[in-house]
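The values are calculated or read from the model by the stated rules, or taken from the named source; none is laboratory data. Please read all numbers here as calculations on a predicted model, not as lab measurements. Note that we place each Cβ from the backbone using ideal geometry, even for glycine, and neighbour counts take in every protein chain shown.
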Amino acid sequence: MLSRARMGAPQRGQWELGVTIDRCAGRRAMQTLRKLPNIRPASRAAVTTTQTGMKATKGTQPQYTQGTSNLQHPMGRSNRKMWSMTQTSHRSNRRPIPPSSQTEQDSLQQAFTRAIEIMARLRGPGGCPWDREQTFDSIRRYTLEETYEVLDAIEHKDWPGLKDELGDLFLQVLFYAEMAREAGYFTLQDVMDSLSEKLIRRHPHVFANREGVETSAQVVANWEEIKKSERAESVNPKETSLLDAVPRALPALMEAGKLGSKAATIGFDWESAEPVFDKLQEELNELREAIAKDRRDQQEEELGDVLFTVVNLARKLGVQSEFALRGSNAKFRRRFAAMERFDTMAAPLAQLAPEELEKLWDGVKAREGKDPAGEQPR
């Protein structure tokens, strides 16, 4: 991962460049950072920071002392699976965390400041060579990776893991903000101030006692109206269309959904989900025609139209297409793995006929309580 560059000699819990498998994309290998072996220190006492904290100034090193604190190394990371297993028995006794006291707010501020100082130290003179070499472009892929790892933790209800992954995702914010500060673009305080002002500005029913906004639908409508007025006041020659506000860098499914939502704000939309089925059938017919004519270019275009229509069908149904597809991917993985270990399987899957494979698939679905006659194997 991006956050685990070495600080001097290898430390327990640190990471180095290597090759791993992107779990969100199956078996696709990718270059990333791997964790070094957990080499335990000679003493059994935990490594902890001094009472003065870890404030690092130019030319100094963070100070550590031996003690019995449960604090981890600032760049360390707990093992998600092991921690999740040990915490399972305690989850039934969870209680909501009460609002923070002044002491807790001060502690949060110190933790926030500490993270900023660590990031500045890594990027500063005498810091980590790998961190100092990074640019806005070079760490984009890590931001995407960390985002999907957050989603993975949520989907697995791995709350200790989510804590770690949110930290990794927040590191991306720190990294971008530090590089922007170095270039003179903006600072992290500018980011936080802009966020706070936007939240207050777009929630007048909370902060300005605006009446007539009581339901979630009214909040969304009001939010879009405020965004529209903000765009009208801003001077951005690059945005000449309503749809220019939708970033082209978004994943295709998300971009399609947002394009449909933007067009719907001016009434360019289906009244309900039912007419979308007719449109979907129309696009499928056009795809079949392109296949019959063996026009590869048209096939890609028509298939894109089918996918775009399916995404907007999901939008009309109130379903997030990205999450729906991720759910289907997970279901396919689960059922295929069950096929591979099916008790009655007499031969490897590669040696079975298509009819035998379909029979195995139906058997797996039957075990899950599904109707094997109502669903195709793909």
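The single condition among (1) loosely packed, with under 14 Cβ neighbours inside 10 Å; (2) under 24 Å from GLY327 (Cβ atoms); (3) at pLDDT 95 or above that GLU155 does not meet is (3). Within segment 265-290, if we keep just the residues that are closer than 16 Å to ASP305 by Cα and in contact with a Leu (Cβ under 8 Å, 6 or more places away or on another chain), the residue that is surrounded by the fewest Cβ atoms within 10 Å (Cβ to Cβ) turns out to be PHE277. Candidates are the residues of segment 157-203 that are part of a helix (DSSP H, G or I) and of a type in the set (Asp, Glu); the one that is nearest to the chain's Cα centre (by Cα) is GLU165.
Residues checked against (1) assigned to a helix (DSSP H, G or I); (2) over 28 Å from THR147 (Cβ atoms); (3) touching a helix residue (DSSP H, G or I) at 6+ places or on another chain (Cβ under 8 Å):
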| site | (1), (2), (3) |
| --- | --- |
| ARG231 | yes, no, yes |
| ASN285 | yes, yes, no |
| ALA290 | yes, yes, yes |
| GLN298 | yes, yes, yes |
| GLU302 | yes, yes, yes |
| ALA314 | yes, no, yes |
